[in-house]
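The values are calculated or read from the model by the stated rules, or taken from the named source; none is laboratory data. Everything numeric in this text was worked out from a predicted model, so none of it was measured. All Cβ positions, even for glycine, are placed from backbone atoms using ideal geometry, and neighbour counts span all protein chains on display.
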């Protein structure tokens with residue numbers, strides 16, 4: 001286990017949330033632990049894509065893989081993440097429309 005500074009924790013959390021699929025994975029795991037096949041179906045993504053996102057979330061330290069026989073269940077690495085995600089959902093953002101975020105721009 002690696003101990004990281006507060007700034008690194010926030011940077012890892014930000015990296016995880018910077019992708020909408022990873023954010024949706026975290027929100028799903030906030031509700032309950034799940035297996036990759038279930039998450040892929042729930043989120044409407046391929047298993048390969050989900051596998052890549054789960055690897056990123058594990059690398060960020062936000063989720064853990066729990067072996068269950070021949071299967072692996074994923075869950076949030078720390079129960080406090082559930083509370084943190086709920087708090088983030090309650091935040092009201094003051095968005096400056098003159099500075100569009102790239103995700104808001106048409107493709």
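For residue 40, the test of being crowded, with 16+ Cβ neighbours inside 10 Å and touching a strand residue (DSSP E or B) at 6+ places or on another chain (Cβ under 7 Å) is failed. Note on region 10-31: among residues that are under 15 Å from residue 78 (Cα atoms) and free of Cβ contacts under 8 Å to residues at least 24 places away in the same chain, the one that is surrounded by the fewest Cβ atoms within 10 Å (Cβ to Cβ) is 31.
In region 74-107, which residues are modelled with pLDDT of 85 or more and surrounded by 10 or more Cβ atoms within 10 Å (Cβ to Cβ)? Scanning region 74-107 gives 74, 75, 76, 77, 78, 81, 82, 83, 84, 85, 86, 88.
Of all the criteria given as (1) in contact with a helix residue (DSSP H, G or I) (Cβ under 8 Å, 6 or more places away or on another chain); (2) outside any helix (DSSP H, G or I), the one not satisfied by residue 67 is (1).
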